[in-house]
1. Just for segment 27-43: of the residues that are crowded, with 17+ Cβ neighbours inside 10 Å and modelled with pLDDT of 90 or more, which one is nearest to Ala59 (Cα to Cα)?
2. Out of the residues in segment 1-26 meeting the condition of being in a helix (DSSP H, G or I) and loosely packed, with under 11 Cβ neighbours inside 10 Å, tell me which one is modelled with the highest pLDDT.
Amino acid sequence: KLAGRLPFASDLLAAYYCAMDPTTPRKVRVILMAALAYFVVPTDMIPDFIAGLGYTDDATVLMAALGTVRQHVHPRHRDQAEIALDGADAN
């Protein structure tokens, strides 16, 4: 639910679906999993509970990773992310 309220939630989920896709090259999967791990680890550069700043470092890491591997994040990954977010909004 929290992820759905983040401004970069769609990118976060698209990265997840790309990383879980068995057709995604291993190197790309590793890069994305590292970025996703940084997002979920509670101890990072800027603690997530700091209002307004807490997720800026997480978003920066994710956007850098996506920028590196953007040609591997396909429309189907983005579609899966949108479907998941729409389902989360319904609950």
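1. If we take residues in segment 27-43 being crowded, with 17+ Cβ neighbours inside 10 Å and modelled with pLDDT of 90 or more, then Leu32 is nearest to Ala59 (Cα to Cα).
2. Arg26
The values are calculated or read from the model by the stated rules, or taken from the named source; none is laboratory data. What you see is a predicted model; the values in this text were computed from it and never measured. Glycine gets a Cβ as well: all are built from the backbone with ideal geometry, and neighbour counts include every protein chain shown.
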